[in-house]
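The values are calculated or read from the model by the stated rules, or taken from the named source; none is laboratory data. Fair warning: this is a prediction, and the values are worked out from it, not measured in the lab. In this analysis, Cβ positions are derived from the backbone assuming ideal geometry, glycine residues included, and neighbour counts consider all displayed protein chains.
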Amino acid sequence: MKNFSGNVLFLDRSDINTDEIIPAKYLTEITKDALGPHLLEDLCLEGFIPGRSTRDKQIVVSRANFGCGSSREHAPWAFEVNGIHVVIAESFARIFRQNMFNGGMLAVELPADTIADLFTRFATTDTHLTTDFENSTFTFTAGASRHTVPFTLSGFDRALVNAGGWVEYADANY
Amino acid sequence: MGRTIVEKIFDSHRRDNPFDDVHVIGLDVVACHEITTPIAINDLAARGKDRVFDPDRIKAVIDHVTPAKDSKTAEQGKILRDWARRHGIRDFFDIGRNGVCHALFPEKGFIRPGYTAIMGDSHTCTYGAFGAFAAGVGTTDLEVGILKGVCAFRLPETLRIDITGTLADGVYAKDVILSVIARLGVNGATNKVIEFSGPVVDSMSMAERMTLCNMAIEAGGTCGICAPDQTTVDYLWDFIKDDYRDKTEALAAFAAYRPDAGARYAGVIHHDVSGLEPLATFGHKPDQVKPVCDMTHQKVDQVYIGSCTNGRIEDLRVAAEVLRGQTIAPTVRGIVSPATPRIYRQAMAEGLIDVFMQAGFCVTNPTCGACLGMSNGVLAEGEVCAATTNRNFNGRMGIGGMVHLVSPATAAASAIAGHLAPAGNKRKQGA
Ligand code: SF4
């Protein structure tokens, strides 16, 4: 299983699409590693600096419809090769969400008011997240402030994360 | 209880329910192109799993960048080509025989009512026009499809759009789907299948139905879908005539994939298209839509006619009709890419290629081309393109470029005018 704890990057916008996560011109890459430096390269967001803002971050928290657009799995891979294995959002585009679990990573939906609360509490400070996968909780820490939120995962998503992704699961079971 | 089309397809293809609401279904078609497949091929090889479940049910094409434009895209093509040869994939289409995947594969008769198909491409939803369930998937799903011929889905709910009314002259399937997306929003059909029904859809050709279903993903839909009918049978007849005694028998068989009267829908939307005007998008999201008449101030630098949305012969005919005897504005670069070799030859036989060239268009080989800004027809910063494609995302056709999604008629009229313009003066006629 991958590492699901680390420092949090807050991206305060809905509809962040796969072209913003990894521009189409990098689809010609045939290795995952080549995508690394280009994560979120075209994202225009106040306070966000491509390359710099993602450095030493392992978790992304964002708003609604995260990962909309193309079906490219390069988007989750761009996160993966940067060591970001968890995206938390109000909602996800279906394909992006599935792609995260297919790679053995986490894309977790939390209610809109919980997300809003997380932004209020933590978006402007250095925040660390600890994931308790067994008990399905996220614990956010910033200085003295600590906040735990529960999450839910379907049994299948859980099985995928445990197996290390869908290819391994499917080859073993079908 | 009555079932929707997609429920019927899942019932006839289900292999496993590993967990509640996860349906592993068998696949009739696994489609591949040179952009998303090479990584899958390489990753399968790296895992020691360089196998395919059934070479006859895998279809592959080099279409996004063809001819190859640099060493990287040449390498991508080579990986797909070598893999197809290695595994005896007969339906592999290389330059000279290739075309835009979602136009080429239906044209070859590969997509049938009740089929299941996946591809590493979001516009796979186009195939729903045949009453098939077809979804764009990520590379890992594609790997599993190639390896095992299965894919896991949650059973999607169906959102039905009943399209009624009469389309005005100069208003096309593209305008209809833009109006639907504007109404639903880019997230309005997320995780759902959009069933297009009603008299307007019933009277549409397969080409028009493909235009509708092609953009289901732009409203977040997993797949668009149209109930198979006589039009479907007629389109497919050459490919299926050995399987059925006559068209009546085929129609009866396909009826198994029409929705039941009592089917349960996530919603039913009545969409009246009477009075609809030619439309264009105005921002970087496909649900930002306005009448073209309200945007005639917008100058265009390039006009692109092609793609899996509107690169079929019917689209070229409409555009050529507008262009016949006309010349495009000297400030406009016109590019047309017939979506398949067959469409190209048909356009030649009908004299359409001549019309385009007389008007000042560049005619390219069948390819995705300018649609995705990584092959030909890339926009410079600040440039504007009126395109018959399906995506206007920021940077889609080139960094800093703006794409206005329009119908082929509007694209042609805009090329002549040098700015966004409807074909004819539709507002006056309608008033
Ligand atoms: S024409 Fe455009 S949208 Fe269609 S498959 Fe090609 S790149 Fe994708």
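Quick one: count up the residues across region A:21-48 that are in contact (Cβ under 8 Å) with a residue 40 or more places away in the chain and of a type outside the set (Gly, Ala, Ser).
10
Take region B:91-109 and flag every residue that is away from the ligand (no atom under 14 Å from the Cβ) and either in contact with a strand residue (DSSP E or B) (Cβ under 7 Å, 6 or more places away or on another chain) or within 14 Å of chain A (Cβ to nearest Cβ) (or both).
B:91, B:92
If a residue has to be among the acidic types (Asp, Glu) and touching a Ser or Thr at 6+ places or on another chain (Cβ under 8 Å) to count, how many in region A:85-115 make the cut?
2
I need every pair where a residue in region B:58-77 that is facing chain A (nearest Cβ under 10 Å) and at pLDDT 95 or above has its Cβ under 7 Å from the Cβ of a residue that is surrounded by 17 or more Cβ atoms within 10 Å (Cβ to Cβ) and assigned to a strand (DSSP E or B), sequence separation at least 6 or different chains.
Pairs found: B:64/B:33.
Residues in region B:9-17: is at least one over 30 Å from residue B:264 (Cβ atoms), touching a residue at least 24 places away in the same chain (Cβ under 8 Å) and in a helix (DSSP H, G or I)?
No.
Name the residue that is surrounded by the fewest Cβ atoms within 10 Å (Cβ to Cβ), counting only residues in region B:380-403 that are within 17 Å of the chain's Cα centre (by Cα) and away from every other protein chain (no Cβ under 14 Å).
Step by step, filter region B:380-403, then rank; the result is B:388.
Residues of region B:197-227 being within 17 Å of residue B:273 (Cβ to Cβ), of a type in the set (Ser, Thr, Tyr) and touching a helix residue (DSSP H, G or I) at 6+ places or on another chain (Cβ under 8 Å), which ones?
B:205, B:211
Please state which of the following conditions residue B:72 fails to meet, knowing it meets all the rest: (1) outside any strand (DSSP E or B); (2) within 15 Å of the ligand (Cβ to nearest atom).
Of (1) outside any strand (DSSP E or B); (2) within 15 Å of the ligand (Cβ to nearest atom), only one is false for residue B:72: (2).
What are the residue pairs meeting all of these: first residue in region B:203-229, first residue more than 14 Å from every other protein chain (Cβ to nearest Cβ) and away from the ligand (no atom under 15 Å from the Cβ), second residue of a type in the set (Gly, Ala, Ser) and assigned to a loop (DSSP other than H, G, I, E, B), Cβ atoms under 7 Å, and 6 or more apart or on different chains?
B:225/B:131; B:226/B:131; B:227/B:131; B:228/B:131
Among the numbered criteria (1) within 16 Å of the ligand (Cβ to nearest atom); (2) without any contact (Cβ under 8 Å) to a residue 24 or more places away in the chain, which single criterion is violated by residue B:32?
Just one mismatch for residue B:32, condition (2).
For residue B:86, work out the one condition from (1) surrounded by fewer than 21 Cβ atoms within 10 Å (Cβ to Cβ); (2) more than 13 Å from chain A (Cβ to nearest Cβ); (3) touching a helix residue (DSSP H, G or I) at 6+ places or on another chain (Cβ under 8 Å) it doesn't fulfil.
Going through (1) surrounded by fewer than 21 Cβ atoms within 10 Å (Cβ to Cβ); (2) more than 13 Å from chain A (Cβ to nearest Cβ); (3) touching a helix residue (DSSP H, G or I) at 6+ places or on another chain (Cβ under 8 Å) one by one, residue B:86 breaks only (3).
Hey, any hits in region B:110-132 for a residue that's surrounded by fewer than 15 Cβ atoms within 10 Å (Cβ to Cβ), within 14 Å of another protein chain (Cβ to nearest Cβ) and either within 16 Å of the ligand (Cβ to nearest atom) or at pLDDT 95 or above (or both)?
Taking every residue of region B:110-132 in turn, none turns out to be surrounded by fewer than 15 Cβ atoms within 10 Å (Cβ to Cβ), within 14 Å of another protein chain (Cβ to nearest Cβ) and either within 16 Å of the ligand (Cβ to nearest atom) or at pLDDT 95 or above (or both).
Mind listing whichever residues of region B:287-317 are within 15 Å of the ligand (Cβ to nearest atom) and in a helix (DSSP H, G or I)?
Correct list: B:307, B:308, B:309, B:310, B:315, B:316.
Which one of these is of a type outside the set (S, T, N, Q), in the same structural domain as residue B:103 (by TED's automatic domain parsing) and in contact (Cβ under 8 Å) with a residue 12 or more places away in the chain: B:40, B:45?
B:40
Looking only at region B:133-145, filter to residues that are within 13 Å of another protein chain (Cβ to nearest Cβ) and outside any helix (DSSP H, G or I); which one of those is surrounded by the fewest Cβ atoms within 10 Å (Cβ to Cβ)?
This residue is B:136.
From the set of residues in region B:54-69 that are outside any strand (DSSP E or B) and of a type in the set (A, V, I, L, M), which is surrounded by the most Cβ atoms within 10 Å (Cβ to Cβ)?
My answer is B:62.
Could you check how many residues of region A:1-19 are of a type outside the set (Val, Ile, Thr) and within 18 Å of residue A:58 (Cα to Cα)?
11
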